[in-house]
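Down below is the structure, laid out as structure tokens.
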Amino acid sequence: MPLQLISGPVVEPVSLPEAKAHLRVDIPDDDALITALIVAARMHAETVTRRALIAQSWKLVLDSFPGPTLIGIPWGKPFTLPGHAIILEKSQ
């Protein structure tokens with residue numbers, strides 16, 4: 001099962017007034033479009049970098065511990081990485 005978003009960011013990294021100032025837009029006609037573009041830009045940056053730019057809650061459920069089974073490993077052998085690692089797709 002892939003990562004599931006539990007709660008997304010409360011704010012965006014760039015506010016609407018900041019974006020409008022940068023774009024030199026004074027009228028509110030395009031506020032919805034500019035807001036959607038801010039969200040899309042954040043989501044694209046998070047996908048490319050595999051990092052959350054703003055605090056978010058994610059859930060990862062695994063059927064079993066990843067990697068080779070621990071059954072059959074002789075006593076005293078170390079727990080190995082990356083074979084037994086849980087790789088997180090996103091980080092903050």
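In region 29-50, the residues that are touching a residue at least 12 places away in the same chain (Cβ under 8 Å) reach residues that are loosely packed, with under 11 Cβ neighbours inside 10 Å and acidic (Asp, Glu) with C-beta atoms within less than 8 angstrom, at least six apart or across chains, in these pairs: Arg50/Glu89. Among the residues of region 18-47, those identified as out of contact with any Leu (no Cβ under 9 Å at 6 or more places or on another chain) and farther than 29 Å from Trp58 by Cβ are Lys20, Ala21, His22, Leu23, Arg24, Val25, Asp26, Ile27, Pro28, Asp29.
With Arg24, Arg51 as the choices, which residue is modelled with pLDDT of 75 or more and surrounded by 10 or more Cβ atoms within 10 Å (Cβ to Cβ)? Testing whether each residue is modelled with pLDDT of 75 or more and surrounded by 10 or more Cβ atoms within 10 Å (Cβ to Cβ) leaves just Arg51. Scanning region 6-17 for residues that are closer than 22 Å to Lys59 by Cβ, exposed (fewer than 12 other Cβ atoms within 10 Å of the Cβ) and not small (Gly, Ala, Ser) yields a total of 3. The set of residues in region 1-21 that are at pLDDT below 95 and of a type in the set (S, T, N, Q) comprises Gln4, Ser7.
The values are calculated or read from the model by the stated rules, or taken from the named source; none is laboratory data. Model, not experiment: these values are computed from the prediction. No Cβ is skipped: glycine too gets one built from the backbone with ideal geometry, and neighbour counts run over all protein chains shown.
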